[in-house]
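Note sheet for the following structure.
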Amino acid sequence: PKTPKPRVFDLEYKMDPTDENYVEIDEYKSVVTDALEVVGAENKDEFIQKYLENGELREKFKLIGTHSEAFHCDEVLATAMLLRTAEYRNAIIVRTRDQEIIDKLDIACDVGGVFDVEKKRFDHHQKTFTETFWSNKVREA
C-alpha cells in the first residue's frame, strides 16, 4: 500500500498514490499480532532448552529481555520501539529477572542493573550511576 510522507499541519492534503510525496512502505503494519510472543522464564530449565539452546529458533528470532512481574510504561515503550526496528522486528519478548538468562539474551531493557551500549544492556537502574540533578538521581527520572 502507498503511505503518505508526513506533512505537518496540512489537513487539506488528499491521498493520491501518484503524488511524488508518497512512498511505498510494504512492511508497515502493526507488530501486535497473533505472531507476537511474550514468554516468561519461570521454568528455567524448560526455557533454556526451548529458547536459549534452540539454534533454529535463535536464527529466526531475537530475544528481547525485560523484567517480569508488574509491567511499566518504560519497558513497554522500549520493547515496542525495538519491535519497530529491522533488527528486532522478529523478536520474542522474554520477561525475567534471572541474571543468568538475561546475560544470554540478544538485548535487555529495564532489567539487569547494567547500562552498556556495546553489550546491548539498557537498564536505567544501574548501580554505578551517581549523577544528580537538583538532588535527584537522573536515572530515576
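Since every read-out is calculated from the coordinates, none of them should be taken as a lab result. Just so we're clear, the structure is a prediction, and the values are computed from it rather than from any experiment. Positions of Cβ are backbone-derived with ideal geometry, glycine not excepted, and every protein chain shown enters the neighbour counts.
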- Task: Note down the nm distance, to one decimal, between modelled labels 7 Å out along Cα→Cβ at Q126 and at N54.
- Result: 3.2
- Length gained when the stretch E42-D103 is fully extended (0.36 nm per residue, less Cα-Cα span): 20.4 nm
- Message: Going by amide H atoms built from the backbone, whose H comes under 5 Å of the H on H124, apart from near neighbours?
- Response: D110
- Task: With 18 Å as the limit, write out which pairs from K50/K119; K104/K127; K50/K104; K60/K104; K62/K119; K50/K120 have Cα-Cα distances beyond it, or answer none.
- Result: K50/K119; K104/K127; K50/K120
- Along the principal axes of its C-alpha atoms, what lengths does segment 41-112 span, in descending order and rounded to whole Å? 30, 27, 15
